[in-house]
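> Mind having a look at this structure? Questions to follow.
The values are calculated or read from the model by the stated rules, or taken from the named source; none is laboratory data. Note that the structure is predicted; figures quoted are calculated from it, not measured. No Cβ is skipped: glycine too gets one built from the backbone with ideal geometry, and neighbour counts run over all protein chains shown.
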Number of protein chains: 2
Amino acid sequence: MEGDKLMSTTGFAKTPEPPYYAVIFTSQRTDADRGYDHMAARMVELAATMPGFLGVESVRGADGLGITVSYWRSEDDIKHWKAHSEHQVAQQTGKQVWYADYALRVAKVERAYGK
Amino acid sequence: MEGDKLMSTTGFAKTPEPPYYAVIFTSQRTDADRGYDHMAARMVELAATMPGFLGVESVRGADGLGITVSYWRSEDDIKHWKAHSEHQVAQQTGKQVWYADYALRVAKVERAYGK
């Protein structure tokens, strides 16, 4: 799907030294498309314009299970993003149409390593 | 791939109320199989036997980008798992053979929601 390709090409997030925050969003897609691809690409685009946005990593498997981790400078930045009007519409449609199930966790990144 | 299917069927982790810890492992696979599927399935199986293991969620996309989030009771439990001899061998082979790149972040989950 177009949107999944777009989200996949987020690749690795170039985050600064910890501490910073991560929003871990795990979701199981329904079979309902109804604009999902467009919304997914738009939310990545929109999040990137928000204060405190540090990056995003996103993958969806062939079975419809997906994990998106977005990284933020502070908890306030996360609350600000959660409350964004266009994101609120996406959250509501997600609950009602796109996601059979999801889990969202807010976590403080304390340590980070790379290859 | 068999291993990816096994990892995909980890589905959602049934974690307790926060606080607890998350290890966010983002990776880009090489084209080298060399036992990857077997290792991936074995590491999920082995992690599940470790003290403080709370669950795991894992997805890999068609382009080889993957995100695995494992959940743990404490940082000590994560250190214990990192030091496990069989896991050490997997980490070394991962660096040398299976992963073109990866990022690992240790984070404290402070809040969690579901659908």
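> Return yes when B:G94 is out of contact with any Gly (no Cβ under 9 Å at 6 or more places or on another chain), within 14 Å of another protein chain (Cβ to nearest Cβ) and within 21 Å of A:R60 (Cβ to Cβ) and no when it is not. Spell out how you get there, then give the answer.
On the way: out of contact with any Gly (no Cβ under 9 Å at 6 or more places or on another chain): yes; within 14 Å of another protein chain (Cβ to nearest Cβ): yes; within 21 Å of A:R60 (Cβ to Cβ): no.
Against the criterion (out of contact with any Gly (no Cβ under 9 Å at 6 or more places or on another chain), within 14 Å of another protein chain (Cβ to nearest Cβ) and within 21 Å of A:R60 (Cβ to Cβ)), B:G94 does not qualify.
> Can you tell which of B:G94, B:G52, B:G61 is under 19 Å from A:V69 (Cβ atoms), surrounded by 13 or more Cβ atoms within 10 Å (Cβ to Cβ) and of a type in the set (G, A, S)? Steps first, please.
Details: B:G94 fails: under 19 Å from A:V69 (Cβ atoms); B:G52 fails: under 19 Å from A:V69 (Cβ atoms).
Sole residue among the options that is under 19 Å from A:V69 (Cβ atoms), surrounded by 13 or more Cβ atoms within 10 Å (Cβ to Cβ) and of a type in the set (G, A, S): B:G61.
> What is the residue count in the range B:14-45 for residues that are of a type in the set (A, V, I, L, M) and surrounded by fewer than 16 Cβ atoms within 10 Å (Cβ to Cβ)?
We begin by selecting, within the range B:14-45, every residue of a type in the set (A, V, I, L, M); these are B:22-24, B:32, B:39-41, B:43-44.
Going one step further and asking which of them are surrounded by fewer than 16 Cβ atoms within 10 Å (Cβ to Cβ), we end up with B:32.
Counting residues in the range B:14-45 that are of a type in the set (A, V, I, L, M) and surrounded by fewer than 16 Cβ atoms within 10 Å (Cβ to Cβ) gives 1.
> Still on this structure, please answer the following. Could you grab me the full set of residues in the range B:61-82 that are more than 20 Å from A:R105 (Cβ to Cβ) and basic (K, R)?
Across the range B:61-82, the qualifying residues are B:K79, B:K82.
> Which condition from (1) more than 22 Å from B:K108 (Cβ to Cβ); (2) of a type in the set (V, I, T); (3) modelled with pLDDT under 95 is the one that B:T49 breaks?
(3)
> Sticking with this structure for a sec: Consider A:V106 carefully, then state whether it is surrounded by 19 or more Cβ atoms within 10 Å (Cβ to Cβ), modelled with pLDDT of 95 or more and aliphatic (A, V, I, L, M).
On the way: surrounded by 19 or more Cβ atoms within 10 Å (Cβ to Cβ): yes; modelled with pLDDT of 95 or more: yes; aliphatic (A, V, I, L, M): yes.
Yes, satisfied.
> Does the range B:68-87 contain at least one residue that is within 11 Å of chain A (Cβ to nearest Cβ) and aromatic (F, W, Y)?
Taking every residue of the range B:68-87 in turn, at least one turns out to be within 11 Å of chain A (Cβ to nearest Cβ) and aromatic (F, W, Y).
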